[in-house]
Amino acid sequence: MSNTGHIIIKPLVTEKMTNLSEKLNKFGFIVRRDANKIEIKKAVEEMYNINVLDVNTMRYAGKKKSRLTKAGYLRGKTHAYKKAIITLDKGETIDFFSNI
């Protein structure tokens, strides 16, 4: 596979993921669709210098969307992606907002 920097696409910063990270020490990432759990674990550990206990992954298929506008009937599709939920050791955390 490619180097670890290309496995993680972006962190998930939503209200639901913020609650999970505060209560259960779990963090979410959008990852490459062909990455497996071992590669995701290595990439997160190298990127943030932390110890990952568990990795759960979910694959989302793109959904077809359509809407009626003045220009006519528009059809499209949302992106398909893979989401990884990372569980960390007690006492460890990831601060996504440290470099803002």
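Return yes when residue 36 is in contact with an Asp or Glu (Cβ under 9 Å, 6 or more places away or on another chain) and free of Cβ contacts under 8 Å to residues at least 60 places away in the same chain and no when it is not. If you could, list the steps in order and put the result at the bottom.
Numbers: in contact with an Asp or Glu (Cβ under 9 Å, 6 or more places away or on another chain): no; free of Cβ contacts under 8 Å to residues at least 60 places away in the same chain: yes.
No: the conditions fail for residue 36.
Of all residues in the range 62-83, those satisfying the criterion of being hydrophobic (A, V, I, L, M, F, W, C) and exposed (fewer than 10 other Cβ atoms within 10 Å of the Cβ) are 68, 71.
Checked against (1) out of contact with any strand residue (DSSP E or B) (no Cβ under 7 Å at 6 or more places or on another chain); (2) open to solvent by 70 Å² or more (accessible area, probe 1.4 Å); (3) modelled with pLDDT under 95; (4) of a type outside the set (Ser, Thr, Tyr), residue 36 passes all but condition (3). In the condition set (1) at pLDDT 95 or above; (2) part of a loop (DSSP other than H, G, I, E, B); (3) of a type outside the set (Gly, Ala, Ser), residue 82 is compliant with all but (2).
When the residues of the range 2-60 are filtered to those that are part of a helix (DSSP H, G or I) and acidic (Asp, Glu), which remaining residue is farthest from residue 98 (Cα to Cα)? Break it down stepwise before answering.
Just the residues of the range 2-60 that are part of a helix (DSSP H, G or I), to begin with: 4-6, 15-24, 37-48.
In the following step, the residues that additionally are acidic (Asp, Glu) were identified as 15, 22, 39, 45-46.
Details: 15: 18, 22: 16, 39: 25, 45: 17, 46: 17 Å.
Per the stated criteria, the residue is 39.
Among residues of the range 81-100 that are within 12 Å of residue 20 (Cβ to Cβ), those with a Cβ under 6 angstrom from a residue that is part of a loop (DSSP other than H, G, I, E, B), sequence gap 6+ or separate chain, pair up as 88/25; 88/50.
Could you tell me which of the residues 50, 8 is under 24 Å from residue 94 (Cβ atoms), open to solvent by less than 40 Å² (accessible area, probe 1.4 Å) and over 15 Å from the mean Cα position of the chain (by Cα)? Reasoning before the result, please.
Working: 8 fails: over 15 Å from the mean Cα position of the chain (by Cα).
Exactly one of 50, 8 is under 24 Å from residue 94 (Cβ atoms), open to solvent by less than 40 Å² (accessible area, probe 1.4 Å) and over 15 Å from the mean Cα position of the chain (by Cα), namely 50.
The values are calculated or read from the model by the stated rules, or taken from the named source; none is laboratory data. Computed from a predicted model, the values in this text were never measured in an experiment. Note that each Cβ is placed from the backbone with ideal geometry, even for glycine, and that neighbours are counted across all protein chains shown. Accessible surface areas use protein heavy atoms only, side chains included; no ligands, DNA or RNA. Shrake-Rupley method; radii C 1.70, N 1.55, O 1.52, S 1.80 Å.
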